[in-house]
1. Could you count how many residues in the range 209-225 are of a type outside the set (A, V, I, L, M) and surrounded by 14 or more Cβ atoms within 10 Å (Cβ to Cβ)?
2. If the Cβ limit is 9 Å and pairs must be 6+ apart or interchain, which residue in the range 44-61 that is more than 13 Å from A24 (Cβ to Cβ) pairs with which residue that is within 11 Å of the ligand (Cβ to nearest atom) and hydroxyl-bearing (S, T, Y)?
3. For the subset of the range 390-405 comprising residues that are open to solvent by less than 60 Å² (accessible area, probe 1.4 Å) and assigned to a loop (DSSP other than H, G, I, E, B), which member is farthest from V321 (Cα to Cα)?
4. Can you find, within the range 179-189, the residue that is farthest from the ligand (Cβ to nearest atom) among those that are in a strand (DSSP E or B) and surrounded by 19 or more Cβ atoms within 10 Å (Cβ to Cβ)?
5. Scan the range 326-343 and give yes if some residue there is in contact (Cβ under 8 Å) with a residue 60 or more places away in the chain, assigned to a helix (DSSP H, G or I) and among the aromatic types (F, W, Y), otherwise no.
6. Quickly run through the range 273-282 and pick out the residues that are more than 13 Å from Y131 (Cβ to Cβ) and within 16 Å of the ligand (Cβ to nearest atom).
7. Among I243, I204, which is touching a Lys or Arg at 6+ places or on another chain (Cβ under 8 Å) and without any contact (Cβ under 8 Å) to a residue 40 or more places away in the chain?
Amino acid sequence: VARDAEFFRSSKGFSAMTGAEVSAIDRGRRVVTVKMAATGETIEHGYDKLVLATGASPVKPGFPIPDDPRVRPFQKPEDAQVFRRMAEAGKIGKVVIVGGGLIGCELVESAAGLWGLETALVEKEGHILPYVLDSEMAAMAQRHLESQGISVMTGCEVDRIKSRGEAGLQVGIEGSDALEADFVFLALGVQPNVDLARQCGLDIGPNGGIQVDRHMCTSDPRIFAGGDCVETTHRITGKTFFISMGSLANRHGRVIAEILAGGNEEFPGAFGTSFLKLFDYNLGATGLTERRAAASGFKPRCVWGTFPDKPDYHPEKRIFVVKMVYDGDSERLLGLQALGRGDATRRVDVFAALLQKQATVGDLFDFEPGYAPLYSEALDPLHHLAGMARARQRGVMFRHPGHALSSEAGEIMILDVREKEEAAAKPLPAAVAECGCDYSNIPLSELVERSSEVRRDKRIVVVCQRGSRSYQAALFLKAAGVHEVEVLGGGLQSQL
Ligand SMILES: Cc1cc2nc3c(=O)[nH]c(=O)nc-3n(C[C@H](O)[C@H](O)[C@H](O)COP(=O)(O)OP(=O)(O)OC[C@H]3O[C@@H](n4cnc5c(N)ncnc54)[C@H](O)[C@@H]3O)c2cc1C
C-alpha cells in the first residue's frame with residue numbers, strides 16, 4: 001500500500017500534506033511558513049512541538065555539472081527511471097560511476113550485473129568503501145569487482161565532466177586519461193539538509209548535521225529532529241559523526257514519537273552497521289575500522305580468518321573472509337568487516353549486538369549460537385576469531401594480508417601447514433609463490449613430529465588455506481620454542 005496522505009489518514013489518523021514545502025520557521029511565534037506547490041500559495045501553521053526530518057541531499061562535485069540528464073546523482077526514483085529508460089532503449093554502452101561508497105558500489109552491480117553495461121568506478125580515496133572497510137578488505141572487494149569485468153580506479157579524482165551531445169560524455173580525471181561514457185552517476189555521498197534549522201538558529205554540529213541530544217531534541221526544547229538531517233553519536237568513540245541510514249531514521253522516528261507522546265525514550269547512537277551486495281558477494285561491517293580505531297585513540301589489534309558458513313562437507317557451503325578489530329589493552333571488541341559468498345551478514349549483526357554490550361574477546365567465546373549442520377558449524381567463525389585474538393594476546397603475530405611478503409623476502413620462511421594433497425591441488429597464489437621467500441610444506445597433522453625441521457634463523461610465516469589451522473600451528477610452534485612466528489591473516493584465500 002502506498003504511504004500517501006490517505007494511508008496516514010485512514011491507518012494512523014493524522015493529516016499529511018504533500019506538495020507543501022516549509023520555507024521558514026518562526027520559533028518566537030511557533031509558526032512554520034508553508035508554500036503550496038500547486039497554487040504557489042503561502043500559509044502559516046502553528047505548532048506546540050515541531051519535528052524536522054528534512055533528510056539529506058547528494059554532495060555536489062567541486063566543478064560545474066553539465067545540464068544533461070545523463071549526468072545525475074542517484075537519490076530519487078526519477079534517477080533510476082531515466083537510467084532504465086535509456087538502458088532499455090539501448091542508448092547506454094558505457095557507464096562511469098563517480099564515488100566508491102555504498103551507493104556507488106551498489107550502482108556498479110546494477111549497471112554491470114543487471115544491465116550488462118561496461119562500467120567504470122572512480123574513487124578519490126586510496127580504496128573503495130573508505131568509510132566501511134580497511135584497505136586490505138577493500139582490496140578483496142575490488143578484486144571481486146574486477147573479476148566481474150568492472151574497471152576500478154582508486155586515488156583518482158574526477159575534475160570535469162563534458163557533455164558532447166550525440167558523442168556522449170567525457171569524464172576528466174586529474175593526472176590521467178579521460179573516460180568516455182554514455183551515462184555518469186555522481187555518487188559522492190550526501191549532506192544533511194539543514195537550511196531551515198540554520199535559518200531559525202538551531203545548533204548545527206561539527207559534521208554539518210542538526211545537533212540533537214539523546215532524546216532527539218535540538219537546541220530548542222520544542223523542536224526535535226531525526227533521520228538524515230541530524231548528527232549521530234558513535235557508540236564506541238562517543239564523538240558525533242554523520243551517517244545516512246534508513247535503519248537509523250526509522251529508529252529516530254520511534255524515539256521522537258514516544259517523547260511527543262509523553263515518554264522518556266533515548267536514542268543511544270550508532271555503530272554504523274551496514275550491508276552491501278556486490279554481485280554474488282555479501283559484504284557487511286560494523287563498529288570501527290582499524291584505521292578509525294587508531295585515530296580514535298584505541299590500540300587496535302586485528303585478526304583475520306576465512307570461514308565456510310556451513311560445515312565443509314555441506315554442498316551449499318560458501319566461504320567469507322572476516323577481519324576483527326579489538327583493543328589490545330582492554331580486549332574490548334571494536335569492529336568487524338566481512339565479505340564473500342558466505343553468509344557474512346549474520347555474523348556482523350551478532351557482532352553489532354555484542355558491541356552494544358561493550359563485549360570483550362572473552363565474551364565472544366561465550367556467545368551461544370544454534371548449531372545444526374544445515375545452518376552452521378559447531379564452532380562459529382566468531383568463536384574462531386576469539387581464539388585467534390587470544391593467540392594474538394599470547395604473542396602469535398598476525399601478518400596483515402595487505403603487507404607484501406616480497407618486501408621482507410630474505411627474512412621470512414613460509415611454512416605451509418596444508419595437507420600435501422591439498423597443497424598440490426591448490427597452487428599458492430602469485431603474491432606468495434612469487435614473493436621470493438623460502439618455503440616449506442609441513443602439514444599440521446605432521447607438525448608435532450617434524451617441528452625440529454622448522455628453521456629458527458628466520459621469521460616463520462605460517463600459511464594454510466583459510467587461516468584457522470595456521471594459528472593453531474603457530475601456537476604449537478611458540479610452545480615448542482620457535483619465537484618469531486606469524487600467521488598470514490585470512491590464510492592464502494585472502495591473497496586471491
Ligand atoms: C540509493 C539509496 C540507497 C539506500 N540504501 C539504503 C540501505 O540499503 N539501507 C539503509 O539503511 N539506508 C539506505 N539509504 C539511506 C536512506 O534512504 C536514508 O537514510 C533515509 O531515507 C533517511 O530518511 P529521512 O526521512 O531522514 O530522509 P528522506 O527519506 O530523504 O526524507 C526527507 C523528506 O523531507 C522532504 N523535505 C526536505 N525539506 C523539506 C521542506 N523544507 N519542507 C517539506 N519537506 C521537505 C524531502 O522532500 C524528503 O521527502 C539509501 C539511500 C539511497 C539514496
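1. So in the range 209-225, the residues of a type outside the set (A, V, I, L, M) come out as 209, 211, 213-215, 217-222, 224.
Those still in the list that are surrounded by 14 or more Cβ atoms within 10 Å (Cβ to Cβ) too: 209, 211, 215, 217-220, 224.
Residues meeting the conditions: 8.
2. Correct list of pairs: G55/S244; A56/S244.
3. Kept after step one, since they are open to solvent by less than 60 Å² (accessible area, probe 1.4 Å), are these residues of the range 390-405: 391-393, 395-396, 398-402, 404-405.
Restricting the remaining residues to those that are assigned to a loop (DSSP other than H, G, I, E, B) gives 395-396, 400-402, 404.
Numbers: G395: 23, V396: 20, H400: 13, P401: 11, G402: 13, A404: 18 Å.
Restricting to residues being open to solvent by less than 60 Å² (accessible area, probe 1.4 Å) and assigned to a loop (DSSP other than H, G, I, E, B), the top hit is G395.
4. Let us first name the residues in the range 179-189 that are in a strand (DSSP E or B), namely 179-181, 183-186.
From what is left, the residues that are surrounded by 19 or more Cβ atoms within 10 Å (Cβ to Cβ) are 179, 181, 183-186.
Details: L179: 22, A181: 20, F183: 16, V184: 16, F185: 10, L186: 12 Å.
Only one residue tops the list, namely L179.
5. no
6. Initial filter on the range 273-282 (more than 13 Å from Y131 (Cβ to Cβ)): 275, 277-282.
F275, K277, L278, Y281, N282 - these are the residues of the range 273-282 that are more than 13 Å from Y131 (Cβ to Cβ) and within 16 Å of the ligand (Cβ to nearest atom).
7. Working: I243 fails: touching a Lys or Arg at 6+ places or on another chain (Cβ under 8 Å).
After applying the criteria, what remains is I204.
For (1) part of a strand (DSSP E or B); (2) touching an Asp or Glu at 6+ places or on another chain (Cβ under 7 Å); (3) of a type in the set (V, I, T); (4) surrounded by 16 or more Cβ atoms within 10 Å (Cβ to Cβ), each residue gets a yes or a no:
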| residue | (1), (2), (3), (4) |
| --- | --- |
| L385 | no, no, no, yes |
| M388 | no, no, no, yes |
| S407 | no, no, no, no |
| L415 | yes, no, no, yes |
| C435 | no, no, no, yes |
| E446 | no, no, no, no |
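The values are calculated or read from the model by the stated rules, or taken from the named source; none is laboratory data. Quick caveat: nothing in here was measured; it's all calculated off a predicted structure. Cβ coordinates were reconstructed from backbone atoms using ideal geometry, including for glycine residues, and neighbour counts include every protein chain displayed. Only protein heavy atoms, including side chains, enter the accessible area calculation; ligands, DNA and RNA are left aside. Shrake-Rupley method; radii C 1.70, N 1.55, O 1.52, S 1.80 Å.
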